[in-house]
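S.K.: Below is one structure. I have some questions about it.
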Amino acid sequence: WLVVVRLLSRDPSYISPDAFAGCNQLSLVVAPQATKLVGTTFQGCPLLGGAGVVEDTATNRRRAVDLQYWRVRTHQQCSAPHRRWVRTVLLVANRLRGGALSLPREMWYTILESIRRWELGRAQ
């Protein structure tokens, strides 16, 4: 799972200093005054890394939204079952190539990119 947090408050002081401590699935935080949050608030969050707590800008908000959907460039960040599901879909697409249900590879990518990462492989 991938967790993306966008903090809406302009004052980060309302967040408990250890609110997200130990969250091993947190990968991006978009927050105003991001530098004030780095302390212990996100201690023990291995996916955040050095660039995981970023300022609230239009570019970073787009990045947060982009991380919610499957993308070729973020495929390796998906869980193993989700990666297997995507691989299976693409293998089926390859098998159908040239048949009546054939779609171009780009169309399959477009379809997959419209699916939120946590919805990959879920039965509807």
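S.K.: State yes or no: is T59 polar (S, T, N, Q) and open to solvent by 40 Å² or more (accessible area, probe 1.4 Å)? Can you show your working first?
M.R.: Working: polar (S, T, N, Q): yes; open to solvent by 40 Å² or more (accessible area, probe 1.4 Å): yes.
Yes; evaluated as a whole, the condition is true for this residue.
S.K.: Out of the residues in the range 69-85 that are assigned to a loop (DSSP other than H, G, I, E, B) and buried (at least 16 other Cβ atoms within 10 Å of the Cβ), which is modelled with the lowest pLDDT?
M.R.: Per the criteria, the residue is C78.
S.K.: Considering only residues of the range 33-64 that are β-branched (V, I, T) and at pLDDT 80 or above, which is farthest from R87 (Cα to Cα)? Walk me through it before giving the result.
M.R.: Filtering the range 33-64 down to residues β-branched (V, I, T) leaves 35, 38, 40-41, 53-54, 57, 59.
So of that shortlist, the ones also at pLDDT 80 or above come out as 57, 59.
On the way: T57: 34, T59: 30 Å.
Among those that are β-branched (V, I, T) and at pLDDT 80 or above, it is T57.
S.K.: Give the number of residues within the range 98-124 that are open to solvent by 70 Å² or more (accessible area, probe 1.4 Å), modelled with pLDDT under 90 and part of a loop (DSSP other than H, G, I, E, B).
M.R.: Summing the residues that are open to solvent by 70 Å² or more (accessible area, probe 1.4 Å), modelled with pLDDT under 90 and part of a loop (DSSP other than H, G, I, E, B) in the range 98-124 gives 7.
S.K.: Report the residue count in the range 78-124 for those that are of a type in the set (S, T, Y), out of contact with any strand residue (DSSP E or B) (no Cβ under 9 Å at 6 or more places or on another chain) and in contact (Cβ under 8 Å) with a residue 24 or more places away in the chain. Reasoning before the result, please.
M.R.: The initial filter retains those residues of the range 78-124 that are of a type in the set (S, T, Y), namely 79, 88, 102, 109-110, 114.
Okay, now just the ones that are also out of contact with any strand residue (DSSP E or B) (no Cβ under 9 Å at 6 or more places or on another chain), so 79, 88, 102, 109-110.
Restricting the remaining residues to those that are in contact (Cβ under 8 Å) with a residue 24 or more places away in the chain gives 79, 109.
Residues in the range 78-124 being of a type in the set (S, T, Y), out of contact with any strand residue (DSSP E or B) (no Cβ under 9 Å at 6 or more places or on another chain) and in contact (Cβ under 8 Å) with a residue 24 or more places away in the chain: 2 in total.
The values are calculated or read from the model by the stated rules, or taken from the named source; none is laboratory data. Keep in mind that this is a model prediction, so the values were computed, not measured. Virtual Cβ from ideal backbone geometry, glycine too; neighbours counted across all protein chains shown. Heavy atoms of the whole protein, side chains included, go into the accessibility calculation; ligands, DNA and RNA do not. Shrake-Rupley method; radii C 1.70, N 1.55, O 1.52, S 1.80 Å.
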